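Accompanying notes for the structure given below.
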Amino acid sequence: MISEKMQNAFNEQINKELYSEYLYLAMKAYFSELNLQGFVNWFDVQVQEEHAHAMGMYDYVIERGGHVELLAIDKPEVEGKTPVEIFEQVLRHEEFVTSRINALMDVADEVKDRAALSFLDWYLKEQVEEEASVGGVLATLKLIGDDKNALLLLDKDLQTRVFTAPVIG
Ligand code: FEO
């Protein structure tokens, strides 16, 4: 059975993943208003991934005989006013999530929960991919600068992103 400390740490992370879903929903609305449908699609996939991340932990806490407690989700603030600024915020946010997964692994270490450590390994690898994917879009956006045609080409490219339900753990 999962320890109370580990369970509480998972419950906090479920909240962070659901907040991520909420933040990306807000960003999706920003790009909808600009009618950049490829970016809308990219954020839609991101929203579904964050939901899957939260549910992976939700199911895991239950599987380990723990208690899921859903915490209040903060209001998301989209800080940027341009696509570059928005993706800078996404990258900062993903780096924050990575730091939280590391902190969760520290708790697993502390309470000697090797099963949780092994489970969290998937999330750590996922964070490496998330940061790389976001960093890639950000680098392209910086190259594009004020070139509207290039922005539309990137938008077309982002339209091809497809959500695949992850097999977590
Ligand atoms: Fe669930 Fe994007 O971290």
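Coordinate-derived values only; no laboratory data. What you see is a predicted model; the values in this text were computed from it and never measured. Cβ coordinates were reconstructed from backbone atoms using ideal geometry, including for glycine residues, and neighbour counts include every protein chain displayed.
Taking region 15-43 and a reference point 7 angstrom along Cα→Cβ of residue 106, the backbone N atoms nearer than 19 Å belong to 15-17. Which three numbers, in whole Å and largest first, are the semi-axes of the equivalent ellipsoid of region 23-92 derived from its Cα gyration tensor as √(5λ)? Equivalent ellipsoid semi-axes, largest first: 29, 13, 10 Å. Rounded to the nearest 20 debye, the dipole magnitude of region 42-115 is 140 debye, with +1 charges on Lys and Arg beta carbons, -1 on Asp and Glu beta carbons, and the Cα centre as origin.
Pairs of Lys residues in region 1-108 that lie 8 or more places apart, or on two chains, and have C-alpha atoms under 20 angstrom apart add up to 5.
Stretched out fully, how many nm does the piece from residue 148 to residue 114 gain, at 0.36 nm a residue minus the Cα gap?
7.2 nm
Apply 1/(1 + (r/R0)^6) to the Cβ-Cβ distance of residue 63 and residue 131, taking R0 = 22 Å, and write down the FRET efficiency to the nearest 0.05. With R0 = 22 Å, the Cβ-Cβ based efficiency is 0.20.
State the Cα centre-to-centre distance between region 24-89 and region 99-138 in whole Å. Centre-to-centre (Cα) distance: 17 Å. Summarising the label geometry, the points placed 7 Å from Cα in the beta-carbon direction at residue 5 and residue 157 lie 4.6 nm from one another.
Over region 83-169, the hull volume per residue, using the convex hull of the C-alpha atoms, is 77 Å³.
Tell me the relative contact order for the chain as a rounded percent, counting alpha carbon contacts under 8 Å between residues six or more apart. Once normalised by length, the contact order is 33 percent. Across q = 0.10, 0.12, 0.15 Å⁻¹, region 17-169 modelled as identical point scatterers on its alpha-carbon atoms has Debye log10 I(q)/I(0) values of -0.39, -0.55, -0.82, in the order of the q list. Between residue 99 and residue 26, the contour length at 0.36 nm per residue exceeds the alpha carbon distance by 24.0 nm.
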